[in-house]
Every structure is written in C-alpha cells, then in structure tokens.
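Below: one structure, written as structure tokens.
The values are calculated or read from the model by the stated rules, or taken from the named source; none is laboratory data. What you are looking at is a predicted structure, and each value in this text was computed from that prediction instead of being measured. Reconstructed Cβ throughout: ideal geometry from the backbone, glycine too, with neighbour counts over all protein chains shown. Heads up: the accessible areas ignore ligands, DNA and RNA and are worked out on the full protein's heavy atoms, side chains in. Shrake-Rupley method; radii C 1.70, N 1.55, O 1.52, S 1.80 Å.
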Amino acid sequence: MAIKFYWYPNCGTCKKAKKWFDDNQIDYEAVHIVNETPSSDQIQKWINISELPAKKFFNTSGKKYRELNIKDKVNQLSEKEIADLLSSDGMLIKRPIVTDGDNITIGFKEEVFEKVWK
C-alpha cells in the first residue's frame, strides 16, 4: 500500500509534515481528513496497528473536543465507541495520520518521520 497522508490543509502541523515529505521526495497520497473522514473500522485498524491507547487519536487541542467535553468522557468509552466518535467528525482526529498499512504515525515529529518514513 502506498503512503496515505491524512491531513487538514489549514493545520500547521500538517503543513510541516507535508513539507517534510516533499523535501524528502517521498510519494504519498494526500487525503483531506474532514472531507473524507475515515470510517470507524478504519480507525480501529489504525489503533491496532499503532498499539497506542485509542484516546491518543483525539485532537485534544481542537475546538470540537472541548465543546463535546470528551476529556471527561473518554476513559469510560470502549475502543469501538472511541472509533465511532472519531469517525463522526474529522476535526476530532489528531493529525496528520500517515500510514502504509503496516506502519502508522500520528502527529508530526521529524525524528519519528525520519525513522518510519525514510
């Protein structure tokens, strides 16, 4: 599977990650995370691949996250409920998410991208 880069074009972190891919001449398919919000099943696959707690997939600095008061609810939600909630609105998902089907990164840390995507 080719590298899929799930991003929101107005997001500063996403722009840095995109620039890193472009500067390193790494091919990827850009997917607008709000216009093409991943399904609950897709998000559950990502959670399994990442081996991270499901709540790490939330954009905790986002307006929607605060409006829905998710911080107070997240620890009572099952992994499936979290995936369902995330798939309901792309703005709830931490970004960018980059995956090739075997590997996944969430957010942008240059040293992580160097290790995983180069």
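A few notes on this one:
- Residue selection: Asp89 fails the criterion of being under 15 Å from the mean Cα position of the chain (by Cα), farther than 25 Å from Asn10 by Cβ and either open to solvent by less than 50 Å² (accessible area, probe 1.4 Å) or not aliphatic (A, V, I, L, M) (or both).
- Among the numbered conditions (1) in a strand (DSSP E or B); (2) under 12 Å from the mean Cα position of the chain (by Cα), the only one that Ala30 does not meet is (2).
- Region 37-59, residues that are assigned to a loop (DSSP other than H, G, I, E, B) and within 13 Å of Leu85 (Cβ to Cβ): Thr37, Pro38, Ser39, Asn59
- Residues within region 75-118 that are hydrophobic (A, V, I, L, M, F, W, C) and under 16 Å from Ile47 (Cβ atoms), tallied: 11
- Conditions (1) over 16 Å from Ile104 (Cα atoms); (2) open to solvent by 30 Å² or more (accessible area, probe 1.4 Å); (3) not hydroxyl-bearing (Ser, Thr, Tyr); number of the one not met by Asp27: (1)
- Among the residues of region 5-19, the ones that are crowded, with 18+ Cβ neighbours inside 10 Å and not in a loop (DSSP other than H, G, I, E, B) come to 6 in all.
- When the criteria are applied in full, Lys63 fails the requirement of being basic (Lys, Arg), surrounded by fewer than 21 Cβ atoms within 10 Å (Cβ to Cβ) and over 18 Å from Pro9 (Cα atoms).
- When every residue of region 91-107 is checked against the conditions, at least one turns out to be touching a residue at least 12 places away in the same chain (Cβ under 8 Å) and in a helix (DSSP H, G or I).
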